[in-house]
Amino acid sequence: MRLTKYTHACVRLEHDGRVLVIDPGIWSEPAALTGADAVLVTHEHADHIDVLRLAGLGVPVYAPAGADIPRLNVLRATPDEEFMAAGFRIRAVGGRHALIYGGQPDCANLGYLIDEAVYHPGDSLHVPEQPVDTLLVPVQGSWMKTAEAIDFVKAVSPQRAFAIHDAQLNERGLNSVNGWLAEETGNRYRYLRPGESV
């Protein structure tokens, strides 16, 4: 499976000619969706879903059953549901966005475990029951701190982890977060720049 990181929380997975894109938000590059067969959306916030771009794409878009996404037809997923998207096996986990500062309301948020190997949690730090080979770890947000990202990687205990949710960090901040994560997680963590693949 080829994994390509795009700006912020967007990730593209390719295998045997099939393309699955997760969280193509308003900050992610349009190229992430080129040739996409299906899209997974973790929650309704614009940094994770560009409704206008997806409305004209013409492929299935999966989102949490409780998500408020007007002007876009989506296939509704629920926690613990399993389904196929673009030929990939998907297990939806979690259910709610991480708590936001000041009691601001949260929203429905699903993490997705793809082919029992890659886990994208969206804006949550939900630890799935299943083992995870590749973790996409949020590294910055108004709802988290670096220590939580480190603890999340340790709790999931993946073979490897890559950053997502990083678009609001400048270069100095990103270098600091990357250093902490690599040092504290036994070098399982690696930063991928937008457009870089593994």
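Legend: calculated FRET efficiency, ARG76 to ALA182, from the Cβ-Cβ distance at R0 = 25 Å, rounded to 0.05, equals 0.10. One Cα centroid belongs to region 106-161, the other to region 43-104; the line between them spans 16 Å. Between the entries (1) 24, 18, 17; (2) 29, 18, 14; (3) 23, 22, 14, the label attached to semi-axes √(5λ) of the Cα gyration tensor in Å calculated for this structure is (1).
For the listed peptides 18-31, 48-61, a ranking on the average number of other beta carbons within 10 Å per residue, highest first, reads 18-31, 48-61. Distance between the modelled labels on ARG18 and ASP68, one decimal in nanometres: 3.4 nm (7 Å Cα→Cβ projection).
Each label was represented as a point 7 Å from its Cα along the Cα-to-Cβ direction; for LEU52 and GLN168 these points are 2.2 nm apart.
For region 95-198, the spread of Cα coordinates along the three principal axes comes to 34, 34, 26 Å, biggest extent given first.
Every number here is computed from the coordinates shown, using simple stated rules; none is lab data. Quantities reported herein were computed from a predicted structural model and do not represent experimental measurements. Note that each Cβ is placed from the backbone with ideal geometry, even for glycine, and that neighbours are counted across all protein chains shown.
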